[in-house]
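Contents: one structure, followed by commentary.
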Amino acid sequence: MSKIRIGIVGYGNIGKGSVKAVNATPDMELKAIFTRRDPSSLDFDTTNVAVLPVSAAESMVDDIDVLVLCGGSATDIPEQGPYFASMFNTVDSYDKHTDIPDYMASIDAVALKTTAVIASGWDPGLFSIMRTLFESTLPDGENYTFWGHGVSQGHSDAIRHVKGVKHAVQYTVPINSAIEVIRSGERPKLEARQKHRRECFVVAEPGADKDKITENITKMPYYFINNETTVNYIEYEELLEHHSKMPHGGFVLRSGNTGENNQLMEFSLKLDSNPEFTASVLIAYARAAFRMSKEGLFGAKTVFDIPLYYLSEKDRSTLIKDLL
């Protein structure tokens with residue numbers, strides 16, 4: 001059986017993680033990496049994989065089954081998603097929850113003969129599935145989602161687009177007292193700032209107005225304005241020494257009742273590498289995108305639209321025998 005041919009757009013953290021995930025997947029092969037950098041600058045063995053400018057992707061439409069979009073949600077994916085979905089089957093981890101309906105519509109408008117799986121990381125993505133499962137199972141209840149303690153790639157990327165920022169890392173920190181209240185069986189109504197705080201470590205450009213940077217970060221719509229946010233300025237060497245790893249994780253909980261009995265459902269992740277885990281999710285959904293496209297199921301798809309067995313290298317009967 002021929003392997004699913006994968007292309008990767010972007011060779012940052014998620015791109016590098018996607019390479020590892022493809023190489024660990026027997027039914028896939030990596031055909032090309034498309035980058036905005038000078039391709040010759042990438043530390044990558046090009047013996048069996050083409051490393052090309054992003055502009056060269058169009059020339060490989062017939063050589064790639066699924067294109068994995070590994071850019072950030074702030075500026076990259078909103079532009080790259082519709083552009084590539086008009087030509088390729090794609091998968092992405094677009095994570096601006098409130099903008100997903102509009103983003104999905106932009107994909108649907110162009111993915112007429114392709115399958116584009118959007119927002120398929122772990123949140124949105126796996127956590128979305130859990131929220132739906134929990135809510136369906138315990139209709140008399142309340143869902144809660146907590147992220148961290150860990151590095152948010154989307155929020156870090158958003159900070160790096162602020163004028164005057166050379167580099168930055170953002171940690172999302174859950175407020176543990178709120179989690180414990182929910183685990184005790186209560187159903188509190190929590191504002192965003194009662195669930196998380198955000199810690200930013202910023203390397204500013206020489207001469208940059210740090211007060212203005214802080215204001216632009218803390219007042220940034222969607223990302224920071226609704227949370228207590230601390231901005232710390234550090235040197236680049238300190239960032240490399242103390243903030244180069246990318247752990248993350250989180251919880252989805254539902255506190256509910258069945259009759260007179262309290263019930264608690266919980267799903268959690270503890271990740272040493274957020275980008276590598278996100279990439280692993282993307283590669284599983286790349287398999288689903290490929291299978292759906294073969295069945296003519298075109299257009300924008302979410303994790304809600306995809307049967308679980310489409311994600312697995314195993315066939316349906318084997319899954320039923322081994323895992324059901």
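Readers should treat all values here as calculations from the given coordinates under stated rules, not as data from a laboratory. Only a predicted model underlies this, so the values are computations on that prediction, with no experimental measurement involved. Note that we place each Cβ from the backbone using ideal geometry, even for glycine, and neighbour counts take in every protein chain shown.
A few comments on the model shown:
- Under Karplus coefficients 6.51, -1.76 and 1.60, residue-wise ³J(HN,Hα) of segment 108-125 in Hz, glycine/proline x: 4, 5, 10, 7, 7, 10, 9, 10, 10, 8, 10, 6, 10, x, 9, 7, x, x
- Zone of Leu112's modelled label, taken as backbone nitrogen in segment 283-304 under 20 Å from a point 7 Å along Cα→Cβ: 293-301
- Cα-based Kirkwood hydrodynamic radius, segment 257-324, one decimal, Å: 14.8
- Taking one quarter of the surface of the C-alpha convex hull of segment 170-272 gives a mean projected area of 8.1 nm².
- For the chain, DSSP calls about 50 percent of its internal beta bridges antiparallel.
- Computing FRET efficiency as 1/(1 + (r/R0)^6) for Lys20 and Glu238, where r is the C-beta to C-beta distance and R0 is 25 Å, gives about 0.35.
- Amide H contacts of Lys301 (H built 1.01 Å from N, in plane; Pro and chain starts excluded): Ala116, Val117, Ile118 sit under 5 Å, all sequence-distant by 5 or more or on other chains.
- Taking amide H atoms as placed 1.01 Å from N in the peptide plane, the amide H of Met220 lies under 5 Å from those of Ile225, each 5 or more residues away in sequence or on another chain.
- By the count of neighbouring beta-carbon atoms within 10 Å, fewest first, Tyr285, Tyr309 end up ordered Tyr309, Tyr285.
- Since only Gly17, Ile33, Asn261 are under comparison, the one whose Cα sits farthest along the positive direction of the charge dipole of the chain, derived from C-beta charges on Lys, Arg, Asp and Glu, is Asn261.
- This ranking places Thr137, Thr302, Thr98 by how few other beta-carbon atoms lie within 10 Å of each, fewest first, which gives Thr98, Thr137, Thr302.
- For the pair Ala105 and Ile225, label points projected 7 Å from Cα toward Cβ lie 2.0 nm apart.
- Vicinal HN-Hα couplings computed from phi for segment 289-296 (Karplus, 6.51 cos²θ - 1.76 cosθ + 1.60; Hz; Gly/Pro x): 4, 4, 5, 5, 5, 5, 8, x
- With a Cα cut-off of under 25 Å and a minimum spacing of 8 residues unless on different chains, the lysine pairs in segment 126-272 number 15.
- Using the Cβ-Cβ distance between Gln194 and Ser312 with R0 set to 25 Å, the FRET efficiency works out to roughly 0.05.
- Under the combined filter of DSSP loop state and at most 14 neighbouring Cβ atoms within 10 Å, segment 248-278 retains these GluC sites (Glu not before Pro): Glu260.
- Within segment 146-302, DSSP assigns beta bridges of which about 80% are antiparallel (rounded to the nearest 5).
- For segment 256-266, the Karplus equation 6.51 cos²θ - 1.76 cosθ + 1.60, evaluated at θ = phi - 60°, returns couplings of x, 10, 10, x, 8, 9, 7, 9, 10, 10, 8 Hz by residue, with Gly and Pro reported as x.
- For Met28, the residues whose amide H sits under 5 Å from its own are Ile4, ignoring neighbours fewer than 5 places away on the same chain, with H placed 1.01 Å from N.
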